[in-house]
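Colleague: Below you will find the structure I want to go over with you.
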Amino acid sequence: MNLNVILAIFRKDLVSSVKNKNILMILLTPIFLSILFTSTISLADNIVVPIAVYDEGLSDDFVKHLGSIDSYEVIITDSVDKSEELLYKEEVAAIVIVPKRFSADLEKGFTPSLNITVNPYDAKSIVFLQTYKDAIMDFAGQEYPVNVSLNTLPAGLQSRFNIPTWVMFTVIFVGMLVLPNTLTTEKEKKTLDAILVSPASEKDVIYGKSFFGLFLTILISLVIIFINGRFIGNLLSALLFIVLGSAVFTGIGLLIASCTENYSSASLLSTIFMMPLILLPLLADLSREIGYVSYLVPSTYMFYGIKDAMLNNSGISELYPALGALLIFNIVVYTLTTYVLRKKSYI
Amino acid sequence: MDKAIVVENLSKKYGDFEAVKNISFSIEKGTIFGLLGPNGAGKSTTIKILTCQSPPTSGNAHVGGFNVLTDSAEITKKIGVVFESQNLYEELSVYENLNFFRRLYSSPKEKISEVLQAVGMKTHQKDKIKTLSKGMKQKIMIARALISDPDILFLDEPGSGLDPHSAREIRQMILYLKSRGKTIFITTHNMEEADFLCDCLAIIHKGRIIALDTPKNLKKKYGEDIVRIETVSGEIYESPLNTKDSSDIFKHLSENNQIFLVHSKEATIEDAFIKLTGEKLTDES
């Protein structure tokens with residue numbers, strides 16, 4: 001292993017990536033998505049839900065009451081069919097069919113029926129489902145039997161819960177898309193041949209590129225942390241997980257690039273592998289089976305490691321099994337990558 | 001004279017296909033050695049073995065006194081390679097390309113301007129590679145191969161695809177490098193280039209070396225010098241030079257004042273190649 005050679009490859013890749021628009025786009029994607037997500041969450045407070053209301057008769061006051069609620073945009077229709085049509089065209093998130101004499105029955109103390117249909121794929125329907133009962137109780141003059149004091153985390157603290165997810169996404173995304181790009185381009189343009197007839201070995205190429213990938217993923221992760229608030233919890237543990245996680249996903253990216261002949265095959269393969277690697281840790285709590293499967297992927301150890309370090313302030317002494325698992329993944333991935341690259345260059 | 005490269009019974013198989021079959025040759029230091037043959041003859045495979053990019057299936061080779069099987073780290077410090085494809089970093093400048101390879105060899109920074117001066121490209125060091133012509137890129141390829149000041153240079157089809165002017169410039173550059181004491185190994189399918197440049201030439205056909213000598217000797221051994229006589233009435237007579245036939249024809253026509261023009265045509269490497277293989281060696285081959 002030659003440190004000068006590794007640094008030369010690192011510097012060359014850094015200069016190339018700045019001049020390569022595709023790589024720049026990939027690098028900026030996690031940052032852009034993180035900003036977009038954060039701004040979407042803050043906008044959610046001001047959502048207005050469009051609903052279609054059909055009154056079968058004599059309940060004008062109820063329809064008017066719905067219309068007076070700020071978070072609803074009421075569209076009065078003249079038939080059930082028309083209401084459904086608006087729902088199917090996604091012009092409204094929900095429809096309310098008010099039966100004849102609904103208001104009068106309510107006034108008399110009866111329990112009339114109200115027919116509501118929502119489009120669960122329309123995100124705004126969630127807001128409607130959370131508020132429609134309050135709207136009816138308010139119209140009936142009833143009060144909620146408990147005085148609830150509902151609080152939420154301060155805005156600055158909310159985003160820190162996203163940090164482990166965004167850091168994991170960044171590390172996987174950059175490691176598995178940028179690195180295959182740099183290596184397969186070297187293979188396609190045959191610049192790798194020129195490197196390998198110099199004193200640089202296959203190992204030097206792997207380490208040089210990994211160093212470059214590590215630098216990028218850590219840099220983008222720090223930007224993500226900065227965007228989402230500030231660093232909290234155990235800094236050393238979190239950084240260790242970011243570094244080991246970056247190394248393993250950079251290695252997986254290089255392994256994919258070593259096994260494939262061109263960039264399009266490498267990016268296809270990377271995308272296929274990337275999905276379960278991102279989703280499994282996030283869905284691990286949904287079922288015991290997914291939980292078991294998630295232990296087979298390195299992203300789980302990285303995700304929970306960063307989460308515990310940042311949110312629970314866990315130190316290395318508590319997190320060493322996950323660190324050990326990531327270390328083993330690293331050894332396996334880099335041994336395989338060096339073996340494959342050496343074998344391929346000798347064909 | 002010392003040997004720069006020694007090849008002994010070298011073979012290379014890809015599955016069932018034998019690309020190189022038991023070839024042997026040696027190259028004197030400070031000379032230009034050419035490996036001439038059509039595409040697919042085994043030229044590039046031989047270069048790959050000698051530059052440690054691919055191990056031989058059997059046999060052995062020594063480059064600069066080092067074994068290709070065991071001493072690749074030493075060999076890579078002694079050689080420079082100009083690849084057939086112009087494998088430069090297109091987005092980077094000439095300087096950035098050379099600076100990267102300079103770092104790989106731990107050569108001093110001054111080497112960049114030295115090699116650019118040698119190939120006449122010093123004024124282009126800030127230009128991006130993608131803006132250069134093919135001939136200019138080939139000069140940068142040579143500059144890159146020289147960045148470590150190697151004793152031995154491998155040039156895979158150095159004149160391939162270049163316009164005549166650029167090809168001539170590259171040939172002059174190769175001769176200049178020889179004058180600086182470099183040993184040069186060239187693969188080519190261009191017979192003119194091989195004849196002009198090489199001190200020693202091996203003709204490779206279907207993985208085997210079928211002739212190995214100086215270009216002059218190859219032409220002498222396998223080609224024929226021809227005399228071509230055109231008469232006043234437009235008839236053309238061709239006959240091997242310095243034979244009884246050619247003397248008789250000349251004598252007969254001259255006595256009758258029939259000679260209009262007399263040409264002599266020297267044997268070419270192509271004649272030798274055709275005689276040896278029964279095939280023509282063209283650029284399309």
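Colleague: Being free of Cβ contacts under 8 Å to residues at least 24 places away in the same chain, among the hydroxyl-bearing types (Ser, Thr, Tyr), in a helix (DSSP H, G or I) and over 28 Å from residue A:202 (Cβ atoms) is the requirement here; does residue B:166 meet it?
Modeller: Values: free of Cβ contacts under 8 Å to residues at least 24 places away in the same chain: no; among the hydroxyl-bearing types (Ser, Thr, Tyr): yes; in a helix (DSSP H, G or I): yes; over 28 Å from residue A:202 (Cβ atoms): yes.
In short, no.
Colleague: I need a count of the residues in the stretch A:328-347 that are modelled with pLDDT of 90 or more and buried (at least 17 other Cβ atoms within 10 Å of the Cβ).
Modeller: 3
Colleague: Also, quick follow-up: Mind listing whichever residues of the stretch B:49-101 are surrounded by 24 or more Cβ atoms within 10 Å (Cβ to Cβ) and not hydrophobic (A, V, I, L, M, F, W, C)?
Modeller: Residues satisfying the conditions are B:51, B:76, B:80, B:97.
Colleague: Related question: Would you mind stating whether residue A:191 is within 14 Å of another protein chain (Cβ to nearest Cβ) and either modelled with pLDDT of 90 or more or touching a Cys at 6+ places or on another chain (Cβ under 7 Å) (or both)? Don't jump to the end; show me each part of the working.
Modeller: Values: within 14 Å of another protein chain (Cβ to nearest Cβ): yes; either modelled with pLDDT of 90 or more or touching a Cys at 6+ places or on another chain (Cβ under 7 Å) (or both): yes.
So residue A:191 passes the test.
Colleague: Mind checking which residues of the stretch B:97-112 are out of contact with any helix residue (DSSP H, G or I) (no Cβ under 7 Å at 6 or more places or on another chain) and within 13 Å of residue A:194 (Cα to Cα)?
Modeller: Correct list: B:105 only.
Colleague: Continuing with the same structure: Take residue A:112 and tell me if it is at pLDDT 85 or above and either within 14 Å of chain B (Cβ to nearest Cβ) or closer than 21 Å to residue A:61 by Cα (or both).
Modeller: Considered against the rule, which asks whether it is at pLDDT 85 or above and either within 14 Å of chain B (Cβ to nearest Cβ) or closer than 21 Å to residue A:61 by Cα (or both), residue A:112 comes out as yes.
Colleague: Which residues, taken from the stretch B:45-56, are over 25 Å from residue B:102 (Cβ atoms) and more than 7 Å from every other protein chain (Cβ to nearest Cβ)? Even if it seems obvious, please write down each step before you answer.
Modeller: So in the stretch B:45-56, the residues over 25 Å from residue B:102 (Cβ atoms) come out as B:45-46, B:49, B:54-56.
Within the stretch B:45-56, B:45, B:46, B:49, B:56 meet the criteria.
Colleague: Look at residue B:246 and say whether it is of a type in the set (S, T, N, Q) and either under 30 Å from residue B:22 (Cβ atoms) or at pLDDT below 80 (or both). I'd like the intermediate steps shown before the answer.
Modeller: Details: of a type in the set (S, T, N, Q): yes; either under 30 Å from residue B:22 (Cβ atoms) or at pLDDT below 80 (or both): yes.
Criteria met by residue B:246.
Each row is one residue, and each column tells you yes or no for (1) within 20 Å of the chain's Cα centre (by Cα); (2) touching a residue at least 12 places away in the same chain (Cβ under 8 Å); (3) within 14 Å of chain B (Cβ to nearest Cβ).
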site	(1), (2), (3)
A:202	no, yes, yes
A:208	no, yes, yes
A:216	yes, yes, no
A:221	yes, yes, no
A:229	yes, yes, no
A:240	no, yes, no
A:245	yes, yes, no
A:250	yes, yes, no
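Colleague: Another question about this same structure. Can you pull out the helices (runs of 4 or more DSSP H) entirely within the stretch A:1-71 that have at least 1 residues that are within 14 Å of chain B (Cβ to nearest Cβ) and β-branched (Val, Ile, Thr)? Steps first, answer last, please.
Modeller: Working: elements: A:3-19, A:21-43, A:60-68.
Correct list: A:3-19, A:21-43.
Colleague: Continuing with this model, one more query. Identify the residue in the stretch B:136-177 that is among the hydroxyl-bearing types (Ser, Thr, Tyr) and within 18 Å of residue B:191 (Cα to Cα) and, among all such residues, is nearest to the chain's Cα centre (by Cα). Spell out how you get there, then give the answer.
Modeller: Step one: list which residues in the stretch B:136-177 are among the hydroxyl-bearing types (Ser, Thr, Tyr), which gives B:148, B:160, B:166, B:176.
Adding the requirement that they be within 18 Å of residue B:191 (Cα to Cα) leaves B:160, B:166.
Values: B:160: 10, B:166: 16 Å.
It comes out as B:160.
Colleague: Test residue B:26 against the stated conditions and say whether it is surrounded by fewer than 23 Cβ atoms within 10 Å (Cβ to Cβ), among the small types (Gly, Ala, Ser) and within 11 Å of chain A (Cβ to nearest Cβ). Don't jump to the end; show me each part of the working.
Modeller: Details: surrounded by fewer than 23 Cβ atoms within 10 Å (Cβ to Cβ): yes; among the small types (Gly, Ala, Ser): yes; within 11 Å of chain A (Cβ to nearest Cβ): no.
It is false that residue B:26 is surrounded by fewer than 23 Cβ atoms within 10 Å (Cβ to Cβ), among the small types (Gly, Ala, Ser) and within 11 Å of chain A (Cβ to nearest Cβ).
Colleague: In addition: Can you say whether residue A:157 is modelled with pLDDT of 85 or more and out of contact with any Lys or Arg (no Cβ under 6 Å at 6 or more places or on another chain), as far as the supplied structure shows?
Modeller: Working: modelled with pLDDT of 85 or more: no; out of contact with any Lys or Arg (no Cβ under 6 Å at 6 or more places or on another chain): yes.
Taking the combined requirement at face value, the residue does not satisfy it.
Colleague: Same structure, new question: Could you please find all residues in the stretch A:324-342 being closer than 19 Å to residue A:295 by Cα and either of a type in the set (Gly, Ala, Ser) or in contact with a Ser or Thr (Cβ under 8 Å, 6 or more places away or on another chain) (or both)? Break it down stepwise before answering.
Modeller: Filtering the stretch A:324-342 for residues closer than 19 Å to residue A:295 by Cα gives A:324-333.
Passing the criteria: A:324, A:325.
The values are calculated or read from the model by the stated rules, or taken from the named source; none is laboratory data. Because the structure is predicted, anything quoted here is derived from the model rather than measured. Methodologically, a virtual Cβ is constructed for each residue, glycine included, from the backbone with ideal geometry; neighbour enumeration extends over all protein chains shown.
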